[in-house]
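Chemist: Before I ask anything, here is the structure I am working with.
The values are calculated or read from the model by the stated rules, or taken from the named source; none is laboratory data. Bear in mind the structure is a predicted one, so any value in this text is a computation, not a measurement. Every residue, glycine as well, gets a Cβ built from its backbone with ideal geometry; the counts of neighbours run over all protein chains shown.
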Amino acid sequence: MRPSVLDRLRTTYREMGFLKSLLYLADRVLRKLNPRCGIYLYQFVAQPLAEKPRLSPSRGKSYSFQLLGAPEPVLNALGRPAYVIAQRFAQGAQCLVALKDHCLVGCIWFG
């Protein structure tokens with residue numbers, strides 16, 4: 001048997017509290033009226049940093065990072081055809097590459 005609307009509201013209230021439940025309900029109503037509308041709740045958290053670094057100062061010195069906005073020869077190491085890489089940049093993407101001793105060790109695409 002499917003729980004009633006009231007049971008689901010109670011469960012939501014117990015899990016999220018009054019304010020978040022109210023915002024959730026408002027979001028659901030807005031999305032029923034117009035699927036392009038809704039409420040987004042963000043919570044920003046600041047993580048404290050240690051006063052003294054935990055790693056040695058020499059650790060990670062052989063790594064460097066570059067944000068690429070156009071094809072570069074270093075991306076040949078990805079093993080992808082050149083036209084695929086060029087397409088990504090043509091779509092406005094950027095690529096953050098991680099290099100160790102000038103060799104590609106990783107990348108992530110944005111955009």
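Chemist: What is the one condition in (1) assigned by TED's automatic domain parsing to the domain that holds T11; (2) part of a loop (DSSP other than H, G, I, E, B) that L25 does not satisfy?
Modeler: With (1) assigned by TED's automatic domain parsing to the domain that holds T11; (2) part of a loop (DSSP other than H, G, I, E, B) applied to L25, the lone miss is (2).
Chemist: May I pose another question? Answer yes or no: is there a residue in region 72-93 that is surrounded by 12 or more Cβ atoms within 10 Å (Cβ to Cβ) and in contact with a Lys or Arg (Cβ under 6 Å, 6 or more places away or on another chain).
Modeler: Looking through region 72-93, none of the residues is surrounded by 12 or more Cβ atoms within 10 Å (Cβ to Cβ) and in contact with a Lys or Arg (Cβ under 6 Å, 6 or more places away or on another chain).
Chemist: Determine the pairs where a residue that is under 20 Å from K20 (Cα atoms), located within region 33-45, has a partner that is among the charged types (D, E, K, R) and outside any loop (DSSP other than H, G, I, E, B) with Cβ atoms under 6 Å apart, the partner being 6 or more residues away or on another chain.
Modeler: The qualifying pairs are G38/D27; G38/R31; I39/D27.
Chemist: Among the residues of region 44-62, is any at pLDDT 90 or above, outside any helix (DSSP H, G or I) and surrounded by 10 or more Cβ atoms within 10 Å (Cβ to Cβ)?
Modeler: no
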